[in-house]
C-alpha cells in the first residue's frame, strides 16, 4: 500500500488532470480530514494556536531539491533551494506572518545587529543571500511536489526555524518589492 501522503498527491494530480482535460478554470483541491488532522486541530486550539487550513506553494529549481521519506514514520521531507520571495509572497499583512510562526519557539527580536545584517544582505547583495543565510525550516501537515511545474505544495505550513529572517524581511519586501534572493529550506 502506498503511503498516505503519496495517495493524496495522486488524487490531487488526477483532479488537476480532470480539470485540465475539461478546460475548467475553477480550483479543485483535495483535502482529507482524518483523525490525525482532527487531533492536530484540537491540540492547536488547546494550546492557543489558530488552526490553519491554507495551502501555500514554493517554486523549486528542477535540479536543486531532494525528496526523502523516513521509512516507517510517515514523515516526508524536501530539502530545496528556493526564492525567499515565494515565502514572503504568502503574506499580505504582518499578522499573517505571525500566524505562520505560531509553532516557532523564538520571539521576534526586533532591530538588532543580526536582523540588520539579514536586511543589509537582502537589499545590497541579493545574489549572495543564499550563502549568508542558514535556512528556513517549515513543517506542514502534508507536502507534495508538482514535478511537471516544479512546485512544492505545503498544506498548513508553519515556519519553525527562520522566523527572524521572515519577520525582518517582510516589511522590506512590502516596501521595496520583489527581489530574486535564493534561500535554503527544509
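Laboratory data are not the source of any read-out in this text; all were calculated from the coordinates shown. These numbers were taken from a predicted model, which means no experiment stands behind them. All Cβ positions, even for glycine, are placed from backbone atoms using ideal geometry, and neighbour counts span all protein chains on display.
The order of the peptides 15-22, 155-162 by mean Cβ neighbours within 10 Å, most packed first, is 155-162, 15-22. Full extension of the segment from residue 42 to residue 92, taken as 0.36 nm per residue of separation minus the current Cα-Cα distance, would add 15.3 nm. Put a dot 7 Å past the Cα of residue 68, heading toward its Cβ, do the same for residue 103, and the two dots end up 1.9 nm apart. Spacing of the modelled spin labels on residue 15 and residue 151, each 7 Å from Cα toward Cβ, amounts to 1.3 nm.
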